[in-house]
Amino acid sequence: MNSKPSLFMFIRRSRLAVIGALILCLLAANAHAPSTFAADDERTIRIIEAKGSVTVKKSGGSLSLNGYQGMTLSEGDSIAAGTDSHVILRVEDEGDEITVGADSELYISDLSIQQNDTVTRLYLNTGSAWVEAHSLSGDKEVFEMVTTEGALHVRGTNFLMFVNPLTGQTSMVVASGIVQARQQNKFDPQQSNVVSVYPAQQINLDSRTQVPDLKTKVGVADIEQIVNQAPAQVLESIIRNSSEVQQENEQLMERLKQSLEKGSVSPDANANLYLSDQLQMDQYRHNIDQMLLNIAKQAVDAKKIDEKQMQQIIDEANQGITDPKFKLDRDRAKPLDRTAGLDPEVEKAKQQANEAAVRAKEEQRQMLDNQQRLASLIAQIEQAKRAVEEANRQAAEEAAKRAEEQLKQQLDEAARKAFEERKQRNEQSSRPVQTGRIQPGGPGSAAPPDNSGPNNPGPTPSEPEMSIALNSASISGNTVTAALTMSGFTGENSFFAVEVHLLYDSSRLSYQGNGKVARNPHAIFGARDGSTELIRAYEGERVSELLYAAAFGLPAESNAGLSVEGEQLLVEIPLTLIRTGTEDLNIQLIYFKVVDQDGNTVLDGSDLLQNPVTVPVQ
């Protein structure tokens, strides 16, 4: 009985045909493609241990591959260890080992040979790494760990490093050997700041708080930070490597001893290291010997590593330590000396820098407080302004009604009827009236009304008249600068904050700033640290309104405000000329308010809403 081929058989034959075609293509391509194995002279890194989620991206590719023990990596490759994972790498020709901790990413930037010297440059994007580097022999031999904050140049060293995933801040702790840290100088981009970091020392690099002298960033290793930030596997690698760390430190201490005997108290000009006598040498030696013990003890106390597991790691490490006095014993752990080996002059500079940072932080806090207070004052002023406008509107309506009633009382019946009809027709055909049109005029100022007369001779010389003036609207190129001044605010009329409103033709002028006011040492607020100034522009179809507001950085314990004797510059506001020509182009001062520290009004310019001051652009 003949049966038709099933759909399954058809798909199976089609799939085999496609697979066969692909195999032929791959064989043909492979005949002309370079080998995927490393060339004899190519330097490589091999994965010697991979636990958990380990992924690799090959050079130039975007596909993530699973990393595995024995996998070979080349220049341009990147490797990542996920949560609760780690990977240990070995540079094949030199034997350097890097333990990459959980939640870390490492990029192989350079694996080359230059003039018979090896160059190894690895970029730690984020996370942690413990590095065991060989002693470099050639002058041009390079082993560097790089981050966004700088480069760590190694010469036979065991060290730990962290990169904060959020800020990029780099922390590095030296266990043995010397690491030279370099950071590009943001004060002079053509130069780099350099510092040498010695065993039991730590450096924190952060471009946001960069200082001219990196030595002030070096201090004694922070055991608590090390244990809190380092994954368990990285901490294990540190303890397992105790024998090599101690051997290298013994060599260093011998060199430092010889240097001291020759009268050198600071063997490295680029280091925060000062050893003037045997007592200081012993104190520094204490930190070197105690650092690994403290890491082991803290790791158990913080429950990063189980006590039984840690003891097993210590027992294995002690097998490589021949001198009984150097064998690891958590019970012998003593706190590190926070000043041991540090240069007193550098520490003095560090303290001054820390005090300056505290002051800067306090000034920043005060500025934020001022901004909040200023925002509250502006809201109050805006509310008062709207209340005044509403009161004026209601007063105008009531006055119009009274005038209408008086007029109607004087008319006879026929005239009143004709008046009502005309009024009704006018209301039906009325349209909104555009307000705020710029009127030509000249420079002027706004001051309290003059109530002087026979019974009131006006202000005396001891009571200067307060005023805010739109002094000028000068043009230079395509920039129009509106200059505002203040005068007469002395004694009881001292103030804390100012708000000023300007009006201008939106089709001819525009404010294109970012809302910040450039610091001007000749201006009232610009000359005072901690003061806050801002500009807001509200663009309309025909007319734009600009708000300038400023608040004095008043100390919390002070009751004194700002005083202005004579006429002083308040602010210069730049506006951009959109169209050429300044004929009939004006800027108007339409409102201002000056308040004291408690928000009480010192001077109010509400009357300008009905009678603005107009200044021509010239």
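The values are calculated or read from the model by the stated rules, or taken from the named source; none is laboratory data. Note that this is a predicted model, so its numbers are computed, not measured. Reconstructed Cβ throughout: ideal geometry from the backbone, glycine too, with neighbour counts over all protein chains shown. All accessible areas refer to the heavy atoms of the entire protein, side chains included, with ligands and DNA or RNA removed. Shrake-Rupley method; radii C 1.70, N 1.55, O 1.52, S 1.80 Å.
Considering region 305-325 alone, what residues qualify as being in contact with a Leu (Cβ under 8 Å, 6 or more places away or on another chain), modelled with pLDDT of 95 or more and either within 11 Å of residue 232 (Cβ to Cβ) or assigned to a loop (DSSP other than H, G, I, E, B) (or both)?
Scanning region 305-325 gives a single hit, 305.
Against the definition (touching a residue at least 60 places away in the same chain (Cβ under 8 Å) and surrounded by fewer than 16 Cβ atoms within 10 Å (Cβ to Cβ)), how does residue 587 come out, yes or no?
no
Consider residue 466 against the criteria (1) in contact with a helix residue (DSSP H, G or I) (Cβ under 9 Å, 6 or more places away or on another chain); (2) open to solvent by 30 Å² or more (accessible area, probe 1.4 Å): it satisfies all of them except one. Which criterion is unmet?
Exception for residue 466: condition (2).
Conditions tested, residue by residue: (1) in contact with a helix residue (DSSP H, G or I) (Cβ under 9 Å, 6 or more places away or on another chain); (2) surrounded by 22 or more Cβ atoms within 10 Å (Cβ to Cβ); (3) modelled with pLDDT of 95 or more.
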position: 72; (1), (2), (3): no, no, yes
position: 75; (1), (2), (3): no, no, yes
position: 78; (1), (2), (3): no, no, yes
position: 94; (1), (2), (3): no, no, no
position: 109; (1), (2), (3): no, no, yes
position: 114; (1), (2), (3): no, no, no
position: 124; (1), (2), (3): no, yes, yes
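Looking at region 238-273, which of its residues are under 34 Å from the mean Cα position of the chain (by Cα) and touching a residue at least 24 places away in the same chain (Cβ under 8 Å)?
Answer for region 238-273, where residues must be under 34 Å from the mean Cα position of the chain (by Cα) and touching a residue at least 24 places away in the same chain (Cβ under 8 Å): 238, 268, 270, 271, 272, 273.
Anything in region 107-127 that is acidic (Asp, Glu) and closer than 16 Å to residue 146 by Cα? List them, or say none.
The answer is 110, and nothing else.
Each row is one residue, and each column tells you yes or no for (1) among the aromatic types (Phe, Trp, Tyr); (2) assigned to a strand (DSSP E or B); (3) modelled with pLDDT under 50; (4) on the phi < 0 side of the Ramachandran plot.
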| position | (1), (2), (3), (4) |
| --- | --- |
| 445 | no, yes, yes, yes |
| 451 | no, no, yes, yes |
| 471 | no, yes, no, yes |
| 474 | no, yes, no, yes |
| 480 | no, yes, no, yes |
| 486 | no, yes, no, yes |
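Could you please let me know if residue 333 is in contact (Cβ under 8 Å) with a residue 40 or more places away in the chain, touching a Lys or Arg at 6+ places or on another chain (Cβ under 6 Å), under 30 Å from residue 266 (Cα atoms) and surrounded by 11 or more Cβ atoms within 10 Å (Cβ to Cβ)?
Criteria met by residue 333.
Report yes if residue 169 is open to solvent by 20 Å² or more (accessible area, probe 1.4 Å) and without any contact (Cβ under 8 Å) to a residue 12 or more places away in the chain, otherwise no.
no
Assess whether residue 297 counts as being closer than 21 Å to residue 159 by Cβ, outside any helix (DSSP H, G or I) and within 40 Å of the chain's Cα centre (by Cα).
So residue 297 does not fit the description; no.
If you go through region 267-277, how many residues are under 13 Å from residue 215 (Cα atoms) and open to solvent by 40 Å² or more (accessible area, probe 1.4 Å)?
Looking only at that region, the number is 3.
Which of the residues spanning region 348-378 are surrounded by 13 or more Cβ atoms within 10 Å (Cβ to Cβ), over 23 Å from the mean Cα position of the chain (by Cα) and under 19 Å from residue 212 (Cα atoms)?
349, the sole residue that qualifies.
Count, please, the residues in region 203-228 that happen to be outside any loop (DSSP other than H, G, I, E, B) and farther than 18 Å from residue 358 by Cα.
Within region 203-228, residues that are outside any loop (DSSP other than H, G, I, E, B) and farther than 18 Å from residue 358 by Cα number 13.
All but one of (1) at pLDDT 95 or above; (2) open to solvent by less than 50 Å² (accessible area, probe 1.4 Å) hold for residue 61; state the number of the condition that does not hold.
Exception for residue 61: condition (1).
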